[in-house]
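Undergrad: Let me begin by handing over the structure; questions about it come next.
The values are calculated or read from the model by the stated rules, or taken from the named source; none is laboratory data. As the structure is a computational prediction, the values presented were derived from the model and not from experiment. Counting neighbours? That spans all protein chains shown, and the Cβs are built from the backbone with ideal geometry, glycine included. With ligands, DNA and RNA removed, areas are computed over all heavy atoms of the protein, side chains included. Shrake-Rupley method; radii C 1.70, N 1.55, O 1.52, S 1.80 Å.
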Amino acid sequence: MAIDEARGAQPMIVFENVVAGYSPSLTILNGTTFDARAGEITLLIGPNGAGKSTVLKTLFGILTPRSGEIRFESRRINARTPRELLADGIAFVPQGRNLFGSLSVRHNLELGGITLPRADLAARIDEVLARFPRIRERIDNQASTLSGGEQKQLEIGRALLLRPRVLLIDEPSIGLSPKLVQDVMTLLRALADAGTTVLMVEQNVRTALKYANRALVLEMGRLALDRPAAELLDDADLNRLFLGGHVKAPAA
Amino acid sequence: MSVVADDVALARTRRPLLRTANIAIAIVVVAFALLPLLLKSYGTYLCTLFCVTLMATYGLNLTVGYAGQMSLGQAAFYGIGAYIAAIALKAGISFYLVLPVAAIVCFVVGLLIGFPALRVQHHYLAFATLGFNILVYLVMRNEEKITGGTYGISGVPRPTLFGLSLDGVLAFFWFTLAATLILIALLGWLLRSPWGRAFAALRDNPIRAESLGINITVYTLLAFAIGAACAGIAGVFFAALVQFVEPAPFHFAASLMMLLAIIVGGSGRFFGPVIGTVVIVLLPEWLRFMQNWYLAIFGFAVVALMIWLPGGVLSIPERFALGKVRR
Ligand SMILES: Nc1ncnc2c1ncn2[C@@H]1O[C@H](COP(=O)(O)OP(=O)(O)OP(=O)(O)O)[C@@H](O)[C@H]1O
Ligand SMILES: [Mg+2]
């Protein structure tokens, strides 16, 4: 799977010297520069606290960059709100549990499509359910009663309701069994192959590299490395080199 | 109406239960509508006051229970509605004009009161809304030219309905009950729509809600504004019921009692305010024979309830169900 460098692909997302943080005195991204291309899975890795989640949050408009530029299809999107970005085709699945546990599966999906015209919503929900038969079976259950894997599927499905062209996803493998991790990765691979730009943060580096096209290593809020995923996978010193020993033993 | 659908305990075995629940609700409503036929006029007055308070607590349940915002200012909106009604009705303006005007004024003030909620949460928000309630109370008490100060405004006329007088206690009770049911039905419809569910999303996890494109600014403000509008409507009915308004019923202590009603019934449960309002409106009357002991017993009962049933009275079925699973 992981793969050749189709470097011809157009960058969908560009970060150029982005400086951002949670308060004026706390700078997390220190001039971060990278790009992510259509039809690829771009994997963002690095030690805990490197700023990986911060990259996604800044890209999605939850944080505003203090300087630098973020571009989506060559358009500057620095000051956009999450709602505007969603409407433009960027969806975000944050780290951790993102469902509304007290609501049913269907209601979670309906909320995911809250920005869609009502007339389209039912058809879009059917479209997503066709991809996730397990979720379809449990459509009237309370979301908190789903298994961890089902919950992650539902979160991804909910993000796909808007047919995003860019999918940002933060540590999707947390809490999932190796089999389920592979299912999620296979799904993301299929999305990328269908033309979606996938930007994924993942600690489960070895598995993720098998599915990704490129790997970016972030250290202290700066890009430390940008290499084809396949090359990095073959690097025997992977853990020691870039990850400061923070990475858990790769899943069997 | 099948508004019970949101109640978590019922989610799993919904269809048959829903029908039974709806029949049960219909029976309770009809029985309650007929109850005053057996009561003296004070009893009927209490039943009407119960309906009036219910409109305000239903609104507060949206703000606090569903949207997860803290508010200790509901009685201020209730009071604003009541004073607008007292002044306008005495000036001969139609009840049916006063009602939407009071609702709109409270809606707008509620929007403004929602702004602090965009920046602060929980106890800070409690203090902000409490401050608002105290301010409104002081205006009612001190602006004598408009509000009559501590003497209040008396002789508020009751409305008529299609030319029929509503001066009788029974007629006014049924009128108020019908209005309360309509308001509850509207809230039920709202809360079952995707927009209504966004309120629960806001409560569960505002940042996640935002990443789905839910406009959390708008929803936070709306949660206050709609809750306030309900209290404003309740205030109009209150003025017409009592035919006299003074500052006392709108003291922040009344806001505390309404908040208590929400918590006791089960915050964010559709029928929670019904139980809670029984507790704050009717229970004190039943305990009245205990005279000075009443407040102590009432306080003790509430503390005990919160310890044993932190999810409110309506969480009993779930506790029961969970208990069975564990064994
Ligand atoms: N909401 C926040 N407010 C203030 N500081 C934050 C916040 N979230 C993260 N930080 C800080 O920003 C830095 C980068 O955090 P970030 O979540 O981007 O790291 P990460 O690379 O995703 O780490 P992990 O692998 O642990 O998820 C950390 O030092 C963290 O403490
Ligand atoms: Mg992170």
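Undergrad: Given the condition in a loop (DSSP other than H, G, I, E, B) and either closer than 30 Å to B:Ile87 by Cβ or within 10 Å of chain A (Cβ to nearest Cβ) (or both), answer yes or no: does some residue in segment B:252-271 qualify?
TA: Within segment B:252-271, one or more residues are in a loop (DSSP other than H, G, I, E, B) and either closer than 30 Å to B:Ile87 by Cβ or within 10 Å of chain A (Cβ to nearest Cβ) (or both).
Undergrad: Quick one: is A:Glu155 free of Cβ contacts under 8 Å to residues at least 24 places away in the same chain and open to solvent by less than 60 Å² (accessible area, probe 1.4 Å)?
TA: no
Undergrad: Among what's in segment A:133-152 and is surrounded by fewer than 18 Cβ atoms within 10 Å (Cβ to Cβ) and away from chain B (no Cβ under 14 Å), pick the residue that is nearest to ligand 2 (Cβ to nearest atom).
TA: That would be A:Gly148.
Undergrad: Given the conditions (1) touching a residue at least 24 places away in the same chain (Cβ under 8 Å); (2) open to solvent by 20 Å² or more (accessible area, probe 1.4 Å); (3) closer than 25 Å to B:Gly152 by Cβ, and given that B:Thr129 satisfies all but one, which numbered condition is not satisfied?
TA: Only one criterion in (1) touching a residue at least 24 places away in the same chain (Cβ under 8 Å); (2) open to solvent by 20 Å² or more (accessible area, probe 1.4 Å); (3) closer than 25 Å to B:Gly152 by Cβ is unmet by B:Thr129, namely (2).
Undergrad: Looking only at segment A:109-120, filter to residues that are within 9 Å of chain B (Cβ to nearest Cβ) and without any contact (Cβ under 8 Å) to a residue 24 or more places away in the chain; which one of those is farthest from B:Asn205 (Cα to Cα)?
TA: So, considering only residues that are within 9 Å of chain B (Cβ to nearest Cβ) and without any contact (Cβ under 8 Å) to a residue 24 or more places away in the chain, the one farthest from B:Asn205 (Cα to Cα) is A:Arg118.
Undergrad: Conditions: (1) without any contact (Cβ under 8 Å) to a residue 12 or more places away in the chain; (2) surrounded by 14 or more Cβ atoms within 10 Å (Cβ to Cβ); (3) of a type in the set (Gly, Ala, Ser). B:Ser267 meets all but one. Number of the miss?
TA: The number of the failed condition is (1).
Undergrad: Please give the number of the condition A:Arg76 fails out of (1) assigned by TED's automatic domain parsing to the domain that holds A:Arg189; (2) within 16 Å of ligand 2 (Cβ to nearest atom).
TA: Answer for A:Arg76: the failing condition is (2).
Undergrad: Still on this structure, I have one more. Filter segment B:109-150 for residues that are among the charged types (D, E, K, R) and part of a helix (DSSP H, G or I); which is nearest to the chain's Cα centre (by Cα)?
TA: B:Arg141
Undergrad: Residues that are within 13 Å of ligand 1 (Cβ to nearest atom) and open to solvent by 10 Å² or more (accessible area, probe 1.4 Å): which strands (runs of 3 or more DSSP E) entirely in segment A:26-88 hold 1 or more of them?
TA: The strands (runs of 3 or more DSSP E) meeting that bar are A:26-37.
Undergrad: Restricting attention to segment A:38-53, does a residue exist that is away from ligand 2 (no atom under 16 Å from the Cβ) and more than 18 Å from A:Asn213 (Cα to Cα)?
TA: no
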